[in-house]
Amino acid sequence: MPLRPALAAALGSAALVCAAVAPATAAPAAAPAESVNVDPTGRLAADGTVTLSGTYTCTDATGPVFISASLSQDSPTFRHGIGGTQAVCDGAEHHWENTGEVASEKLKPGAANVEATILELRNTGGLPLPFFHAAGHQDITLTKA
């Protein structure tokens with residue numbers, strides 16, 4: 001299995017586990033200097049490949065860190081995972097870009113919603129557990145690439 005789909009699957013699984021375990025009122029832990037932003041426009045290619053981008057800032061990571069993104073259109077309860085990008089948590093602002101092919105449902109140009117998350121896999125007692133640095137939501141416009 002190629003690295004990107006495997007990484008996206010691992011991050012998605014970790015997010016689902018956290019959602020199932022965390023109380024409904026829990027919010028992602030984020031230091032004030034940490035943030036993830038989504039650009040207002042995403043690209044949609046004819047083959048279903050979606051490219052999303054934005055900027056992020058994070059600090060104090062001890063394990064591998066990734067920017068994950070998901071997109072919804074027409075249904076707020078169904079989200080498409082759009083790739084994963086490795087992040088650098090040095091306190092500086094960085095650009096991120098995730099690309100993924102959506103095969104299960106056709107997307108179309110127009111309004112969509114993106115959720116981007118900075119997720120670290122911290123080694124806790126020999127077991128890598130997810131630690132959320134920041135999350136952001138953005139209504140965007142998908143345009144033909």
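The values are calculated or read from the model by the stated rules, or taken from the named source; none is laboratory data. Keep in mind the model is a prediction, meaning the values are calculated, not measured. Glycine gets a Cβ as well: all are built from the backbone with ideal geometry, and neighbour counts include every protein chain shown.
Exactly one residue out of Val50, Val65 is over 28 Å from Leu127 (Cα atoms) and in contact (Cβ under 8 Å) with a residue 12 or more places away in the chain: that is Val50. Apart from one condition, Gln73 fits all of (1) at pLDDT below 95; (2) over 17 Å from the mean Cα position of the chain (by Cα); (3) more than 24 Å from Glu34 (Cβ to Cβ); the exception is (2). None of Ala24, Ala30 is modelled with pLDDT under 95, loosely packed, with under 14 Cβ neighbours inside 10 Å and over 12 Å from the mean Cα position of the chain (by Cα) except Ala24.
Counting the residues of region 71-101 that are free of Cβ contacts under 8 Å to residues at least 60 places away in the same chain and over 28 Å from Phe131 (Cβ atoms) gives 3. Looking at region 102-125, which of the residues that are assigned to a loop (DSSP other than H, G, I, E, B) and surrounded by 11 or more Cβ atoms within 10 Å (Cβ to Cβ) is modelled with the lowest pLDDT? Ranking the candidates gives Glu105 first.
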